[in-house]
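S.K.: Quick one: this structure, given as structure tokens, is what I'll be asking you about.
The values are calculated or read from the model by the stated rules, or taken from the named source; none is laboratory data. Quick caveat, the model's predicted, so the values are computed rather than measured. As a convention, Cβ positions derive from the backbone with ideal geometry for all residues, glycine included, and neighbour counts pool all protein chains shown.
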Amino acid sequence: MCACINFGTSTLLLGLMHHRFALLASPGSLMAKHKYDLQVEPALPSERYLKILQKGAKQHNLAGEYQVYLQALQHYQPSSRGQLAGRWIVLNTFGRALKFLMIRIMPKVTNPFASWLTHEVLANYILVMWWLHDYIMEPALGSGRHH
């Protein structure tokens, strides 16, 4: 599954591979220089995301086998204090800042350069968020992929 979002001179490519996002931005950005190893073990989706997938599959009459597959999937549930702490940190820091940027700042930007810059900041913010997850939070708090 892959989606491409064009922001004028900047393109953000979102691809769900092995249940992990690969993010690529315009060629000169920090994100374009970072390479992810996408061969990670599958992670469980959040309960909210799984319900969205199940509802969408039903609404769009997708193949019955796929709907059965989605119904059989379990959602992620934190099972350790480290995972609970990690969820709290992400929601109350990264989540709030990302929500502020996407709701308060991005819709008000009309100048083409400011629009490009805002989207580059967003793309690189997501890169930094994943770097902090992979190299600081996961080693300190444990992996959210395991129960």
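S.K.: Go through (1) at pLDDT below 80; (2) not assigned by TED's automatic domain parsing to the domain that holds Y135 and name the single condition E65 misses.
M.R.: Tallying (1) at pLDDT below 80; (2) not assigned by TED's automatic domain parsing to the domain that holds Y135, E65 fails exactly one: (1).
S.K.: If A97 meets every condition in (1) at pLDDT below 85; (2) out of contact with any Pro (no Cβ under 6 Å at 6 or more places or on another chain); (3) surrounded by 12 or more Cβ atoms within 10 Å (Cβ to Cβ) apart from one, which number is that one?
M.R.: (1)
S.K.: Report the residue count in the range 117-129 for those that are touching a residue at least 40 places away in the same chain (Cβ under 8 Å) and of a type in the set (F, W, Y).
M.R.: 0
S.K.: Considering only the range 109-128, state which residues are part of a loop (DSSP other than H, G, I, E, B) and among the aliphatic types (A, V, I, L, M).
M.R.: Passing the criteria: only V109.
S.K.: Determine, yes or no, whether L84 is more than 18 Å from the chain's Cα centre (by Cα), surrounded by 11 or more Cβ atoms within 10 Å (Cβ to Cβ), in the same structural domain as L132 (by TED's automatic domain parsing) and at pLDDT 85 or above.
M.R.: Yes.
S.K.: Let me ask you something else. Of all the residues that make up the range 59-89, how many are aliphatic (A, V, I, L, M), farther than 30 Å from P139 by Cα and part of a loop (DSSP other than H, G, I, E, B)?
M.R.: Here is the first cut: in the range 59-89, the residues aliphatic (A, V, I, L, M) are 62-63, 68, 70, 72-73, 84-85, 89.
Filter again for farther than 30 Å from P139 by Cα, leaving 62-63, 68, 70, 72.
Those left that are additionally part of a loop (DSSP other than H, G, I, E, B): 62-63.
Number satisfying all stated conditions: 2.
S.K.: Could you please find all residues in the range 135-147 being within 18 Å of the chain's Cα centre (by Cα) and surrounded by 14 or more Cβ atoms within 10 Å (Cβ to Cβ)?
M.R.: M137, E138, S143, G144, R145
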